[in-house]
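The structure appears below as structure tokens.
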Amino acid sequence: MMAEKSSIKKYLRGMKFPFCAGCGLFGIVDSFLRAVQELGYKNFKKFVFCSGIGCSSWIPSPFFLADSIHTLHGRSIPVATGIKLRRPDLNVVVFGGDGDLMGIGLGHFMHAARRNLDILVVMSNNMIYGMTGGQVAPTTPFGAITTTTPYGNFEQPFDAASLAVAAGATFSARWTTAHLKELKKTIKIALGLNGFRFIEVVSHCPTGFGRKRGLKTPQEFVDWVRDNAISIGEARKIGKNKQKNKIVIGEFIRKPRLTLIENIYAITREAQKLGKEN
Amino acid sequence: MLSHPGCKTYFWQGNEACVQAAIIAGCRFFAGYPITPANEIAEHMAVNLPRIGGIFIQMEDELASIGAIIGASWTGTKVMTATSGPGFSLMQESIGYAFMTETPIVVVDVQRMGPSTGQATKSGQGDIMQSRWGTHGDYTSIVFSPNSVQEMFELTIRAFNVAEVYRTPVILLAEEIVAHMREQLTVPDSKAININDRKKPRPGETVFFGSDEIPPMPAVGEGFNIAVTGSTHNEEGIRFTADPVVHRKLIERLNQKISDNREKLVDVESYNLEDCQIGIVSFGSTSRAVYEAVERAEKKGVDVGYVRLKTLWPFPEKPVRELSNVVDRIIVPEMNLKQIFYEVERVAKGNAEVVPINKIGGGELITPEEVLDAILKGE
Ligand SMILES: Cc1ncc(C[n+]2csc(CCOP(=O)(O)OP(=O)(O)O)c2C)c(N)n1
Ligand code: SF4
């Protein structure tokens, strides 16, 4: 155990993560680094990380010993697009929160999935805007009390993992920070695939959301997940109506198709022939 | 496409001249979103870039377009986007990001009549102050204003050179009229064109955001473990969001690297500054009416001098102040409701009376007669 711990340290700059005690983001960091290690990467030389603004967006930046671009709120995917298009050889990974990717940055998320841009997006879904103090997000459950829905949320939340599927992602999965083993396995799978890959991690934010929901400790969160999570297989059997207020977990899609990089470079090679003929 | 750029003359539209210049300057990545009157820039890029192994991509909006060029710039690529007022407004947050992260990007704003959707096909000069102060916080912008197709070409190359050398966003503030007109232009022999590239770090270097006034810029994937952030950061790119000294030091350097080089960045065309009675300060397409008005005034025996601003920002204070020392009156024609006017007044410090000529709407230009009238009024 000790040996393993120290071996994921090689991916880090050695600075302390600034997350609150009991925050689910610690588990996401750990799962990601272990996945990378188990895949045999000695360092992050072949990786670039992009993130937006929010607690979740601090995961790689500047803590990973890697190239990391901490962009504006919601704009990690466009920046990742520019990087990947010019450096198709690098693994471009985006980290972000549900506010960052499902709120202000949703347009980019949908289009990147449509284009099948070759990036992995890991979204921590703490069901609120964490960094700004627990306001309602596009992922907040109906009826939930937040700092800006003091009488209960009157909107329906997005189902991010399904949105990704609808928009054209080649891979989409959802786990929770109570499923770190499964999460690690899924990250390993996703890092081995091409195209637009999405992993949603329902995450515990004791400070911003847990406080209001009676899920203050990690254990209370784990209990809540255990009581409410159903597998994607089961969810498909019982139908949409009965899934309400459930957390559907598992792999939603794994369906490779030609990627943006493959398509754009094929066209570029053709155009370059024209260029020479001129 | 320019396959062999020896010294040649062409008959191009301004937007096309901009694209050819960008490619000569080394631009290999363009991301944009359709908008009149900048569309031809994207269209020519879409044709030309893939042929030379570059990437063109049309993004879902202007927020994405400027984000994509910022990402591509960090791969070591020269990059550009082009838009007009509404898109330029959407890009402002990222212009601040590029300034803060010292990311070289070229943004072309082909001005039309605003605010809002305004008159989409009509020329204007309403984005002068936006190009200076569009994003939030303390920053300094570099903005060029072409008045011909030839200058669309020359100032596009200059925009790339300056963006790369100073590691900062540069704005080419064009106008519908200059972007859409066709004129003869001369493309010099490729050897005669000066092209500058960003300074690269030596292996093992770790300081990319300080120490030098303009630090070296690594690219991703080169093993430097670069930390890039739009939050306040130290010289190694590490976030420091509370320390007053780190913030002051960073922001002062980012502004000083431009203001310290003001002399090099400022470019004006000036005429007859020694013995003129009346002065004119103009820029962009409006300057073309000034040329004719000055000629006609001279025929009537009135000596007029002018300063034409090819660099709008940093504002060419010295030449404008010198003009104000010589003349009693400075005329400032602009296709807006007074923007550069107040800068001229600020710099003239009461040395000369500053007289505006303003016209907006329908793409109607300020005419040589209107400028001539203003010249003769005080005589
Ligand atoms: C354009 C813009 N609007 C608003 C903000 C303020 N802001 C900072 S973080 C954040 C929310 C982050 O929430 P989320 O993405 O869910 O991440 P979390 O902190 O919950 O991990 C917001 C709205 C900002 N930085 N930029
Ligand atoms: S506010 Fe929530 S998401 Fe942010 S660090 Fe604290 S617990 Fe984690």
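Which residue is farthest from ligand 2 (Cβ to nearest atom), if the candidates are limited to region A:217-233 and must be in contact with a helix residue (DSSP H, G or I) (Cβ under 9 Å, 6 or more places away or on another chain) and without any contact (Cβ under 8 Å) to a residue 12 or more places away in the chain? Across region A:217-233, the extreme among qualifying residues is A:TRP224. Among the residues of region B:96-115, those that are within 11 Å of another protein chain (Cβ to nearest Cβ) and part of a helix (DSSP H, G or I) comprise B:GLY96, B:TYR97, B:ALA98, B:MET100, B:THR101.
For beta carbons closer than 6 Å, sequence separation of 6+ or different chains, a first residue in region A:109-138 that is within 14 Å of chain B (Cβ to nearest Cβ) and a second that is near ligand 2 (Cβ under 10 Å from one of its atoms), the qualifying pairs are A:MET131/A:GLY54; A:MET131/A:CYS55.
If you go through region A:114-134 one residue at a time, how many are within 14 Å of ligand 1 (Cβ to nearest atom) and open to solvent by 50 Å² or more (accessible area, probe 1.4 Å)?
Of region A:114-134, the ones within 14 Å of ligand 1 (Cβ to nearest atom) are A:121-134.
So of that shortlist, the ones also open to solvent by 50 Å² or more (accessible area, probe 1.4 Å) come out as A:129, A:131-132.
Final tally of qualifying residues: 3.
Figure legend. Inter-residue proximity from region B:6-22: first residues buried (at least 24 other Cβ atoms within 10 Å of the Cβ), second residues in a helix (DSSP H, G or I) and hydroxyl-bearing (Ser, Thr, Tyr), beta-carbon distance below 6 Å, spacing 6+ or different chains. Indicated pairs: B:CYS18/B:THR156; B:ALA21/B:THR156; B:ALA22/B:THR156. The numbered conditions (1) away from every other protein chain (no Cβ under 11 Å); (2) open to solvent by less than 30 Å² (accessible area, probe 1.4 Å) are all true for B:THR36 except (2).
Among residues of region A:197-215 that are within 12 Å of ligand 1 (Cβ to nearest atom) and assigned to a loop (DSSP other than H, G, I, E, B), those with a Cβ under 6 angstrom from a residue that is β-branched (Val, Ile, Thr) and open to solvent by 20 Å² or more (accessible area, probe 1.4 Å), sequence gap 6+ or separate chain, pair up as A:SER203/A:THR177; A:HIS204/A:THR177.
Given the options A:ILE53, A:ILE83, name the one that is among the β-branched types (Val, Ile, Thr) and either within 16 Å of ligand 2 (Cβ to nearest atom) or free of Cβ contacts under 8 Å to residues at least 12 places away in the same chain (or both).
Values: A:ILE83 fails: either within 16 Å of ligand 2 (Cβ to nearest atom) or free of Cβ contacts under 8 Å to residues at least 12 places away in the same chain (or both).
It is A:ILE53.
Can you confirm whether region A:39-56 contains a residue that is among the aromatic types (Phe, Trp, Tyr), within 18 Å of the chain's Cα centre (by Cα), within 29 Å of B:THR103 (Cα to Cα) and open to solvent by 10 Å² or more (accessible area, probe 1.4 Å)? Within region A:39-56, none of the residues are among the aromatic types (Phe, Trp, Tyr), within 18 Å of the chain's Cα centre (by Cα), within 29 Å of B:THR103 (Cα to Cα) and open to solvent by 10 Å² or more (accessible area, probe 1.4 Å). Scanning region A:91-112 for residues that are closer than 22 Å to A:ASP30 by Cα and away from ligand 2 (no atom under 16 Å from the Cβ) yields a total of 4. Within 14 Å of another protein chain (Cβ to nearest Cβ), over 16 Å from the mean Cα position of the chain (by Cα) and surrounded by fewer than 22 Cβ atoms within 10 Å (Cβ to Cβ): does that describe A:LYS16? When the stated conditions are applied, A:LYS16 passes them.
Look at B:GLU295 and say whether it is open to solvent by 70 Å² or more (accessible area, probe 1.4 Å), in the same structural domain as B:LYS338 (by TED's automatic domain parsing) and assigned to a helix (DSSP H, G or I). Can you show your working first?
Values: open to solvent by 70 Å² or more (accessible area, probe 1.4 Å): yes; in the same structural domain as B:LYS338 (by TED's automatic domain parsing): yes; assigned to a helix (DSSP H, G or I): yes.
Here the answer is yes, as B:GLU295 does meet what is asked.
Applying the selection to region B:263-292, what residues are at pLDDT 95 or above and open to solvent by 70 Å² or more (accessible area, probe 1.4 Å)? Passing the criteria: B:GLU263, B:LYS264, B:TYR271, B:ARG288, B:TYR291, B:GLU292. Taken over region A:56-74, the residue count meeting the criterion of being within 11 Å of chain B (Cβ to nearest Cβ) and either in a loop (DSSP other than H, G, I, E, B) or near ligand 1 (Cβ under 9 Å from one of its atoms) (or both) is 12. In summary, A:CYS205 fulfils each of the numbered conditions (1) open to solvent by less than 30 Å² (accessible area, probe 1.4 Å); (2) in contact with a helix residue (DSSP H, G or I) (Cβ under 8 Å, 6 or more places away or on another chain); (3) within 16 Å of ligand 2 (Cβ to nearest atom) with the single exception of condition (2).
In region A:137-158, the residue that is nearest to ligand 1 (Cβ to nearest atom) out of those that are open to solvent by 30 Å² or more (accessible area, probe 1.4 Å) and within 19 Å of the chain's Cα centre (by Cα) is A:PRO138.
Note on region B:63-86: residues that are of a type in the set (Gly, Ala, Ser), within 14 Å of another protein chain (Cβ to nearest Cβ) and in contact with a strand residue (DSSP E or B) (Cβ under 9 Å, 6 or more places away or on another chain) total 7.
Mind counting the residues in region B:234-265 that are of a type in the set (S, T, N, Q) and part of a helix (DSSP H, G or I)? The total comes to 3.
Yes/no per residue for (1) among the charged types (D, E, K, R); (2) within 20 Å of A:ARG174 (Cα to Cα); (3) at pLDDT below 90; (4) out of contact with any strand residue (DSSP E or B) (no Cβ under 6 Å at 6 or more places or on another chain):
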residue	(1), (2), (3), (4)
A:CYS205	no, yes, no, yes
A:ARG211	yes, no, yes, yes
A:ASP223	yes, yes, yes, yes
A:LYS237	yes, yes, no, yes
A:GLU251	yes, yes, no, no
A:ARG254	yes, yes, no, no
A:ILE261	no, no, no, yes
A:ILE267	no, no, no, yes
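For A:ASP30, the requirement of being farther than 21 Å from A:ILE253 by Cβ and open to solvent by 10 Å² or more (accessible area, probe 1.4 Å) is met. Within region A:75-88, being more than 7 Å from every other protein chain (Cβ to nearest Cβ) and crowded, with 24+ Cβ neighbours inside 10 Å holds for A:SER76, A:ILE77, A:LYS84.
The values are calculated or read from the model by the stated rules, or taken from the named source; none is laboratory data. Values in this document were obtained by computation on a predicted structure and should not be read as measured data. Every residue, glycine as well, gets a Cβ built from its backbone with ideal geometry; the counts of neighbours run over all protein chains shown. Ligands, DNA and RNA are excluded from the accessible area calculation, which covers all protein heavy atoms including side chains. Shrake-Rupley method; radii C 1.70, N 1.55, O 1.52, S 1.80 Å.
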